[in-house]
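The values are calculated or read from the model by the stated rules, or taken from the named source; none is laboratory data. It should be emphasised that the depicted structure is a prediction, and the values quoted were computed from it without experimental measurement. Here the Cβ positions follow ideal geometry from the backbone for every residue, glycine too, while neighbour counts run over all protein chains shown.
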Amino acid sequence: MIDIEFHLNGEPVRLRCPADRRLLDILREDFGLTAAKPGCAIGRCGACMIWLDDAPANACLLLALRIHGRSVRTYEAVCRDPASQPVRDALAEGGGLQCGYCTPGMVMTLAHLHQLPEPPDAPAARELASANLCRCTGYGGIRRAIERLFEPAEGSAATPIRPCGDPA
Amino acid sequence: MKDARPPLSHAQLVARMRPRPDAAERLAGAPYLTDRQHPEQLFGAILGSPHPHARILSLDLSAARALPGVHCVIAADDVPGCKAFGLRHVDRPVFCAERVRCIGDPIAAVAAETPEQARAALAAIRVEYQPLPLIDDPQAALAPDAIALHGDSNLLHRETHRHGNLAAAIAASQHIVEGEFLTPRQMPTYLETEGGIAEPDGQGGLTLYFGAQNPIGQRQTLAAILALPEERVRVVNGPLGGSYGGKDELTIQPIAALLALHSGRPVRLRLSREESVDLGVKRHPMRIRMKSGCDAGGRLLFRQVEILADTGAYATHGPEILDAAVEHASGPYRYQALSIEARLAYTNNGIAGAFRGFGAVQVQFALERQMDELAALAGLAPDEFRARNLSDLNDRGPLGQVVAPFDGPRLALEQIRQHPLWQGPRRWQDGRWLHGVGMALVQRSDGFSKAGPNGAGLEVALAADGCIEVRTSFTEMGQNLLDVIRILGARHLGCDEARIRPRIGDSASGVDSGPSAASRCTTVLNQLLQRLAPAWRARLQALVGDDGLEPGADGLLDLQGQLRLDYAELAATLEADQLPVERCAFAGEVTPSDNPIAHFVFGACAAVAHVRVDRWTGQVQVLRLSNAGALGPVVSPLGYLGQLEGGLLMGQGMATLEELPMREGRYLARNLDGYFVPTLLDAPQIEVIAIEEVPEGDEIGPRGVGEIGVNIGAPAVANAIAEALQMPVRQLPVSAERVLDHLERQP
Ligand code: FES
Ligand code: FES
């Protein structure tokens with residue numbers, strides 16, 4: 001058992017727990033913050049995404065001892081922050097969610113990228129969001145959201161569908 | 001009337017989309033059933049078999065029961081009612097008592113105060129096993145001396161269809177192709193693994209909150225297992241994080257319910273990804289021998305198909321899936337002779353069951369591959385060869401049954417033939433990349449076969465606040481059911497969409513709409529609401545005693561269209577028990593032909609795919625996937641587009657990536673580090689075109705779009721890969737390894 005202190009959604013919190021307790025369990029079971037989801041528990045699906053000191057991280061891979069003194073932000077806080085509104089709107093309007101189970105994690109990734117001082121262009125954003133799996137949408141709506149949120153690639157046409165059969 | 005609207009382009013569909021009704025709630029982080037907590041909760045855990053096939057010699061629960069924090073430890077003896085379940089074959093034990101038949105087969109379960117205590121209790125359960133000979137191959141399973149997993153044979157089901165003189169058609173064929181096709185054990189991979197909470201109601205009954213697709217059906221089975229009257233059991237099926245068919249059948253709900261009843265406490269039970277891989281259902285791997293021939297003019301003469309499918313340890317939907325394979329093995333084409341023979345074997349290879357694409361996608365891969373192979377032999381382009389062999393609008397269905405007249409395959413094929421991607425080059429090389437463009441055409445059935453369960457009920461009620469409740473047991477799984485109910489409710493009942501309040505996914509409504517499966521919800525809801533509308537109107541008119549009034553957006557309107565009485569005002573004049581409720585039942589779209597496995601309604605898609613294959617790494621990359629669906633009028637553009645986009649990528653996954661390997665009855669991958677599903681980087685530019693045209697006199701309206709994306713995606717991508725590599729693609733997925741093997745064998 002260890003005693004840890006960290007900031008959770010801006011509030012200082014303390015907890016006594018085994019050193020190897022996963023942040024995902026701490027959030028879901030100890031604090032009742034269930035927006036971060038267990039999809040794989042091995043860092044492969046992104047459904048458990050949180051921000052650790054403002055950078056996206058998989059809560060399933062973070063042990064209690066690693067978060068002592070750090071700041072954790074969860075989807076519960078981010079989804080109430082107007083700064084994430086464009087991302088949420090783009091997903092809702094583009095059809096970027098179906099069952100919605102991947103959505104909190106997806107928003108955590110996209111909102112982080114969108115709020116960077118120098119956001120990536122759309123192809124880079126797709127690449128950076130590719131650690132967030134979605135099994136429902138075929139990523140169609142997620143691509144539409146990304147196209148709306150991020151600049152098209154340098155020198156590329158803005159139209160999503162390239163000329164057909166073009167071997168180039 | 002023939003509805004000959006021009007097709008909707010992808011851009012038009014996108015422009016017509018609007019956010020899902022539940023988007024705001026989901027985006028606010030609203031909990032799923034696996035997120036539910038209860039102050040009194042216990043944690044459940046299941047002891048699964050470490051052997052894929054073994055006899056249980058002894059089971060000792062006493063040490064586990066004595067551990068701190070443990071409230072109950074239960075096994076087969078603690079099941080008060082039916083000890084097994086299953087849809088038509090009741091062969092799956094809640095707990096195995098004498099024998100385990102697959103890895104992870106449940107033997108016992110515990111409920112304890114913490115997950116750690118529950119795990120410690122599992123470790124203290126003592127079981128003695130005697131391993132039995134392993135049956136890990138469906139062919140070996142059917143050998144006469146094979147040990148039977150159930151009854152006296154491993155042949156769970158057999159189905160055949162024949163017509164015409166096969167020998168004569170073979171003799172008359174100028175070109176013949178023949179091959180064996182293998183399809184993978186694909187996993188649904190819903191991001192939310194199976195789980196939820198079972199909550200006792202304090203009066204001997206309980207509520208089960210577990211994501212699934214059929215609350216009323218599950219309530220019935222659970223009540224039988226628990227030996228409770230059905231009214232004592234409530235089943236809530238949503239919201240859930242994906243299902244794709246995989247959560248249609250019960251898995252761990254009986255165990256959760258028993259733990260809750262034995263402990264008297266709410267019990268949360270949730271499978272880890274590893275446990276979900278073990279216990280969840282997968283797509284049936286099939287071995288398909290197919291032989292087809294055509295005459296010198298490229299007219300198909302025959303198709304001969306032998307299917308051997310691996311159902312694993314328990315039946316679940318296996319027999320219906322095999323039937324679907326038989327019905328879809330010939331496609332939307334005409335033949336002089338057909339011979340289809342299919343067998344389904346029990347093995348110790350996990351459990352195969354319902355999964356989007358349902359038995360059809362496997363044979364459609366083989367069929368559409370052979371259409372290309374035969375076209376090449378006949379010297380015809382793939383599209384021309386298909387066009388020459390299409391069934392006619394008024395032809396019988398694939399099993400010779402009467403079907404709803406439908407021209408979808410021709411319409412879809414015409415769209416794709418004209419598509420610029422198909423009109424362009426089909427094969428070229430660009431440095432290390434080999435490019436290929438391929439196409440496919442499929443039709444697939446809607447709803448259940450004649451054997452059912454086709455019936456569906458619906459209830460419409462005026463609520464005290466003036467909303468109109470539409471009550472169905474269908475479940476929202478992401479398909480946008482909620483908006484479909486609002487759109488169709490408003491269309492048929494005359495009120496504003498905002499007035500419609502859907503009530504779904506809960507057995508407490510008492511309304512039995514049957515399973516949210518087989519791509520049927522939209523079609524069935526449309527029929528139900530259409531049938532219910534006149535009675536609803538008459539009921540409202542009778543309530544106000546004026547049959548000159550018509551239901552309108554916000555209330556009853558007079559002949560001039562003026563609002564005379566708001567729905568809320570009407571409700572306010574009535575006592576709670578006088579509020580109008582109308583029920584409707586619909587027997588379903590059923591073929592009049594006397595064939596229990598035959599369907600009445602079909603939809604169709606044609607698609608063109610552009611892939612490039614890296615000659616250095618063997619990696620297949622799908623660049624574009626354009627689909628034309630002939631699926632009747634679009635109800636919800638967002639749902640239509642989303643279902644097809646999602647289905648197409650899942651079909652692509654089956655063709656390029658997804659395979660859950662087993663060795664000796666054990667999974668070689670148990671998480672997403674060994675089983676890969678497509679990521680954002682694998683997703684191609686998907687285009688969806690909606691052909692809304694239906695034949696004159698059509699009474700079906702919208703066809704299902706839930707599954708057909710998978711059905712068309714896999715063969716279209718497979719054909720594009722075959723074109724790029726000039727490779728006889730016979731096995732899915734076309735992994736990098738298989739590509740490199742092929743390239744190495746090239747001169
Ligand atoms: S649960 Fe953390 S990445 Fe999947
Ligand atoms: S919406 Fe279901 S997993 Fe993404």
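Worth pointing out:
- Selected residue (only one of B:97, B:112, B:108 is closer than 30 Å to residue B:214 by Cα, surrounded by fewer than 18 Cβ atoms within 10 Å (Cβ to Cβ), touching a strand residue (DSSP E or B) at 6+ places or on another chain (Cβ under 8 Å) and small (Gly, Ala, Ser)): B:97
- Of all residues in the stretch A:142-154, those that are among the charged types (D, E, K, R) have Cβ atoms under 6 Å from Cβ atoms of residues that are part of a helix (DSSP H, G or I), 6 or more apart or on another chain, in A:144/A:94; A:147/A:122; A:148/A:90.
- Filtering the stretch B:23-39 to residues that are part of a helix (DSSP H, G or I) and touching a residue at least 60 places away in the same chain (Cβ under 8 Å) leaves B:26, B:33, B:34.
- Residue match in the stretch B:692-701 (condition: in contact with a helix residue (DSSP H, G or I) (Cβ under 7 Å, 6 or more places away or on another chain) and part of a helix (DSSP H, G or I)): no
- The stretch A:92-114: number of residues that are within 7 Å of chain B (Cβ to nearest Cβ) and of a type outside the set (S, T, N, Q): 9
- Members of the stretch B:460-491 found to be outside any loop (DSSP other than H, G, I, E, B), of a type outside the set (A, V, I, L, M) and farther than 23 Å from residue B:641 by Cα, listed by number: B:469, B:471
- The set of residues in the stretch A:115-140 being within 12 Å of chain B (Cβ to nearest Cβ) and part of a helix (DSSP H, G or I) consists of A:122, A:123, A:124, A:125, A:126, A:127, A:128, A:140.
- Residue that is nearest to residue B:98 (Cα to Cα), among those in the stretch B:115-147 that are touching a residue at least 24 places away in the same chain (Cβ under 8 Å) and part of a loop (DSSP other than H, G, I, E, B): B:132
- Check on residue B:629, within 13 Å of another protein chain (Cβ to nearest Cβ) and either surrounded by 24 or more Cβ atoms within 10 Å (Cβ to Cβ) or over 30 Å from residue B:18 (Cα atoms) (or both): no
- Among residues that are at pLDDT 95 or above, assigned to a helix (DSSP H, G or I) and more than 7 Å from every other protein chain (Cβ to nearest Cβ), residue B:674 is not included.
- Restricting attention to the stretch B:712-743, the residues that are away from every other protein chain (no Cβ under 14 Å), not aliphatic (A, V, I, L, M) and not in a loop (DSSP other than H, G, I, E, B) total 7.
- Residue B:438 vs. criteria assigned by TED's automatic domain parsing to the domain that holds residue B:687 and farther than 19 Å from residue B:540 by Cα: yes
Residues checked against (1) outside the structural domain of residue A:135 (by TED's automatic domain parsing); (2) away from ligand 2 (no atom under 13 Å from the Cβ); (3) surrounded by fewer than 19 Cβ atoms within 10 Å (Cβ to Cβ); (4) under 27 Å from residue A:15 (Cα atoms):
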{"position": "A:57", "(1), (2), (3), (4)": "yes, yes, no, yes"}
{"position": "A:74", "(1), (2), (3), (4)": "yes, yes, no, yes"}
{"position": "A:87", "(1), (2), (3), (4)": "no, yes, no, no"}
{"position": "A:91", "(1), (2), (3), (4)": "no, no, no, no"}
{"position": "A:94", "(1), (2), (3), (4)": "no, no, no, no"}
{"position": "A:114", "(1), (2), (3), (4)": "no, yes, no, no"}
{"position": "A:122", "(1), (2), (3), (4)": "no, yes, no, no"}
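- Failed criterion for residue B:448 (all others in (1) of a type in the set (Phe, Trp, Tyr); (2) touching a strand residue (DSSP E or B) at 6+ places or on another chain (Cβ under 7 Å); (3) in a loop (DSSP other than H, G, I, E, B) hold): (2)
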